[in-house]
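Beneath this line is the structure, given in C-alpha cells, with notes to follow.
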Amino acid sequence: MSALLELQRSFLGSIVSGETAALDDAIIGGGFTAAQRVQIYRNNTFITLTEALATTYPAVCRLVDRRFFNFAVARYIAENLPDRPCLFEYGAGFAGFLAGFAPVADYPFLPDVARLEWAVNAAWNAPERPPLSAETLAAEATRAGEGLRLGLDALYLSSGWEVDAIWLANRGEAETGASPAYQPVRLEIRRAANGISVRRLDVATWTLRDHLARGETLGHAAEATLSQAADFDLTAALRALAFERLPVAILPNQGVNPCNA
Amino acid sequence: MTLVLSPGAQPHRCGIGLRTPHMAELVSRRPPIGWLEVHPENYMGAPAAAAALERLRNDYPLSLHGVGLSLGSADGIDATHLARLKALADRLQPCLVSEHMSWSGHGGAWLNDLVPLPYTEEALNVIARNVDHVQSVLGRPILIENPSSYLSYRASTMPEAVFLAELVRRTGCGILCDVNNIHVSAHNLGLDAREYLRTLPAAAVGEIHLAGHARNEIDGKVMLIDDHGSRVIDPVWDLYRHALDRFGTVPAMIEWDTALPALDVLLDEAALANAIMEAPHVRAA
C-alpha cells in the first residue's frame, strides 16, 4: 500500500476514535504533541458536522436542547462520517440512529420528527424537474396502462405521532407550548413557491402516491390503495396528480399494456 | 500560463466571500465590490440558491472556491462531485475556480476539513494527477490555495512552498495565495512567512485571500486557528503588502465564515485591502 494511502487511512481512523497513537511517529511535535495537533482537526470536523446536523434537524435539536443534541450527534458522527463532500447531504441515517439511541427512549416521536426534517431537507435540495404535461401523462397512461411508473415531485411519510405539528412548533424560536399528540398522520412533503409544503393526506391519496413514489407500477399502487379504501376512485386520483403537477418523470422498465400492444 | 479574469472583472478592487445571511442585503444594496466568491458546495443542492447566485452573477464577477474536491486524496477525485462542479461552472461562468492543496476524504468517508499533505514525491504525483484530471474535466486552469496547517509530517522531503511551486510547474495550475494561511502555518509550524512568499512563482499567483484567525492556548502555548471569524490582523496586512510587492496587483478577497458580522464590516475590510493595493509602493503587475 502507498505511504499516502496508509497515512490517510490512519488519519481518518484517529479522527473517528480520538486515538492518535498510530500517527505519533508520523507527525512532527514542535512544541505540541501529535495528539494535540490531530485534536484540532478532530475538533474542526466535529464542530462543522454538528452545525450541519443542527441546521438540518432544528426541531430535534430544540426538542432535546442543544447540549444534549451535541452529545447525541457526537456519537452519531463518530459512527457515521459523511460519505459525500456536500454538507446538505449529511445525516440521512440520523433518524435511524435516534431510534436505537437509548437516552432518547422517552421521546418516542423523535425519530419520526427527524424523518420529517430529513424529508424537508431532501425536498428543498432536490433538483428542479418540470412537471409532465397533461398530454404526455395521458399518452403514457394509455400506452403503459397498469404498468405505468411515475416519478413524483414529492416525498411521503407516515407516523403514529402528529410529527407535522411537533415540527412546526419546534423549528423556530417562538415558544408555542404545543405538546406531542399520538395521532396517525400521513404526510406529503414537496417544494413550494416560498419554501416547503408539508400537508396531510387522506389514507387513499397517501397510499397511492407513496407506492408510486417508491417506483411501483400504477397497478400495484392502485391495488394497495384499494385494500385501504374500497371506494377509491383511480381516475379521480390520477386527475388530482396531474392537477397538482406532481408527476415529473416516466420511469423506465415499465411494461406495455397488453391491451394496447 | 496566463490566468485571465472574465470581461467586467475588476482585479484592482478587493472582493468578498458571499455568505447566505448577506445575500438579501447584497441584492438590495448592490455595493461596489470588486467581485464575489462562493463555495460551490453551497449551491449544488437547493435550486433556489443557485438561481439567486445566477442573478447576482449579472452584476458581479464571480469566483467558485471549492472545499470538497479533496485534491490530495490518494484514491482519486470523486467523479460525482467533479461533475456537479463542472455543471455549476458551466452555468455560472465564474472568472476563477479554485481549490485547496489538501485532502479531506478517503475510502468514501469525508472529514469536511482541509488536512495537509506530507510534502513527498508520492503526494506530489497524486495531487498533480488529480489537478490534471480536474482541469481537464473543467476545461480551464484552476487556482490552488496553500492550506493553513496545525501539523506537519516527518515524511516530508520538501518545504510546502516548493511543493506548491512544483505542482504549478507540472500541471499549469495557478496559485491562490492565502496570506493569512501562511501567517497561521508559519506560527504553528515554525516557518518563515516571507521566505514562503519568496519561494512561490510570482507569475502563477492569480488571487490573494485575506482573513482573520483565532488564538487558542494549549498547555500555555498558542496555536493559531484559521477560523475566518474576525478582522485581518496587522501582521497579516504586512504580509499582504509583501505579497503585493512580489506578485503585483492580483485580485484579493476577504473571507469571513464564523461569527459572521454585518456586511458593512466585510466592505470595510475590503476597502482597507483596496487602499493597500492602491498605495504607491505596490509595483504594477
Inset, instruction - Scan region B:1-24 and report the pairs whose first residue is at pLDDT below 85 and surrounded by fewer than 18 Cβ atoms within 10 Å (Cβ to Cβ) and whose second residue is part of a loop (DSSP other than H, G, I, E, B) and among the small types (Gly, Ala, Ser), with Cβ atoms within less than 8 Å and a gap of 6+ or a chain change. - result: B:Met1/B:Gly172; B:Gln10/B:Gly34; B:His12/B:Gly34
Legend entry - Among residues of region B:111-138, those that are in contact with an Asp or Glu (Cβ under 7 Å, 6 or more places away or on another chain) and either surrounded by 23 or more Cβ atoms within 10 Å (Cβ to Cβ) or part of a loop (DSSP other than H, G, I, E, B) (or both), counted: 1
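Can you say whether A:Ile40 is touching a strand residue (DSSP E or B) at 6+ places or on another chain (Cβ under 9 Å), within 11 Å of chain B (Cβ to nearest Cβ) and either part of a helix (DSSP H, G or I) or more than 19 Å from B:Val115 (Cα to Cα) (or both), as far as the supplied structure shows? So that I can check it myself, show each step before the final result.
Values: touching a strand residue (DSSP E or B) at 6+ places or on another chain (Cβ under 9 Å): yes; within 11 Å of chain B (Cβ to nearest Cβ): yes; either part of a helix (DSSP H, G or I) or more than 19 Å from B:Val115 (Cα to Cα) (or both): yes.
So A:Ile40 fits the description; yes.
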Inset, instruction - Would you point out which residue out of A:Leu53, A:Leu12 is of a type outside the set (D, E, K, R), touching a residue at least 40 places away in the same chain (Cβ under 8 Å) and at the interface with chain B (Cβ under 9 Å from one of its Cβ atoms)? - result: A:Leu12
Inset, instruction - Sort out which residues of region B:27-43 are in contact with a Phe, Trp or Tyr (Cβ under 9 Å, 6 or more places away or on another chain) and either part of a strand (DSSP E or B) or surrounded by 20 or more Cβ atoms within 10 Å (Cβ to Cβ) (or both), and write them in order of number. - result: B:Ile33, B:Gly34, B:Trp35, B:Leu36, B:Glu41
Inset, instruction - Among the candidates B:Ala186, B:Ala262, B:Ala211, single out the residue that is more than 14 Å from chain A (Cβ to nearest Cβ), among the aliphatic types (A, V, I, L, M) and either in contact with a helix residue (DSSP H, G or I) (Cβ under 8 Å, 6 or more places away or on another chain) or in contact (Cβ under 8 Å) with a residue 12 or more places away in the chain (or both). - result: B:Ala211
Inset, instruction - Looking only at region B:238-246, decide whether some residue is among the acidic types (Asp, Glu) and within 14 Å of chain A (Cβ to nearest Cβ). - result: no
Inset, instruction - For region A:74-185, please list each of the helices (runs of 4 or more DSSP H) lying entirely inside it that holds at least 2 residues being within 18 Å of the chain's Cα centre (by Cα). - result: A:94-99, A:110-125, A:163-170
Inset, instruction - Please work out which residue is nearest to the other protein chains (Cβ to nearest Cβ), limiting yourself to region B:82-110 and to residues that are part of a loop (DSSP other than H, G, I, E, B), in contact (Cβ under 8 Å) with a residue 12 or more places away in the chain and out of contact with any helix residue (DSSP H, G or I) (no Cβ under 8 Å at 6 or more places or on another chain). - result: B:Ser102
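The values are calculated or read from the model by the stated rules, or taken from the named source; none is laboratory data. The shown structure was predicted, so the numbers you read here are calculated from the model rather than taken from an experiment. A quick note on method: Cβ atoms are made from the backbone with ideal geometry, for glycine too, and the neighbour counts reach across all protein chains shown.
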